[in-house]
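Quick notes on the structure that follows.
Every number in this text was worked out from the coordinates using simple rules, so none of it is lab data. What you see is a predicted model; the values in this text were computed from it and never measured. Here the Cβ positions follow ideal geometry from the backbone for every residue, glycine too, while neighbour counts run over all protein chains shown.
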Amino acid sequence: METQISSVPQIIEVVEQMSAEDLDKLVRRVLEIQAARRAPHLSQEEASLLRRINVNLSQPERERMHDLQQKRVAEELSPGEYEELAALTDKLEELHAERMNAISKLSDVRGVSLNEMMTQLNIQLPDHD
């Protein structure tokens, strides 16, 4: 017999028990549902572009990158870890380039500027110190 989940606190309790991989899948799906509810008239192309915009490193990759960045700052990074950090950084940059490409295409589809599209999607460029 399956347990019925009927409240937000119950959902949160279940989510807290999920693996990082399942949590990533859930977040992507929830974002898709949210986008569909906010704009139920999305074309197939817009939906596809929004999926591409929402692709990111997995939770374990983000955590590993954070750990490696901390080790780099502390000057405790081994040569192998440096290569791993470089590979994760390259992957993140590729995802960012793909995201920006998809945002640009979506702005064309919707007939708005790139800046307006980013504002509508609440996407901000990262600050670089």
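If the chain between Leu95 and Glu46 were fully stretched, how many nm would it gain, using 0.36 nm times the residue separation less the Cα-Cα distance?
Working: separation 49, 0.36 × 49 = 17.64 nm, distance 1.81 nm.
Value of the extension gain: 15.8 nm.
Could you work out how far the C-alpha centroid of the stretch 1-58 sits from that of the stretch 79-122, in angstrom?
Here the answer is 20 Å between Cα centres.
So what is the relative contact order for the chain, in percent, with contacts set as C-alpha pairs under 8 Å and at least six apart? Don't jump to the answer; show the numbers that get you there.
Working: 62 pairs, mean separation 30.6, N = 129.
Dividing the mean separation by the residue count of the chain yields 24 percent.
Determine the calculated [θ] at 222 nm for the chain from helices alone, applying -39500 (n - 2.57) to every DSSP H run no shorter than 4 residues and normalising by the residue count; nearest 500 deg cm²/dmol. Could you put the intermediate results ahead of the total?
Working: 6 runs with 92 residues, N = 129.
Only helices count here, giving -23500 deg cm²/dmol.
How far apart, in nm, are two points set 7 Å out from the Cα along the Cα-to-Cβ line at Glu76 and at Met18?
3.2
State the Kirkwood hydrodynamic radius of the chain in Å, one decimal place, computed from all pairs of distinct Cα atoms. It would help to have the intermediate numbers written out before the result.
Values: mean 1/r = 0.0576 Å⁻¹.
It is 17.4 Å.
With springs only between Cα atoms under 10 Å, which of Asn56, Asn115, Asn101 fluctuates most in a Gaussian network model of the chain?
Asn115
Please name which of Val112, Ser48, Ser58 has its Cα lying farthest along the dipole of the chain towards the positive end, using unit charges on Cβ (Lys, Arg +1; Asp, Glu -1) and the Cα centre as origin.
Final value for the positive-end residue is Val112.
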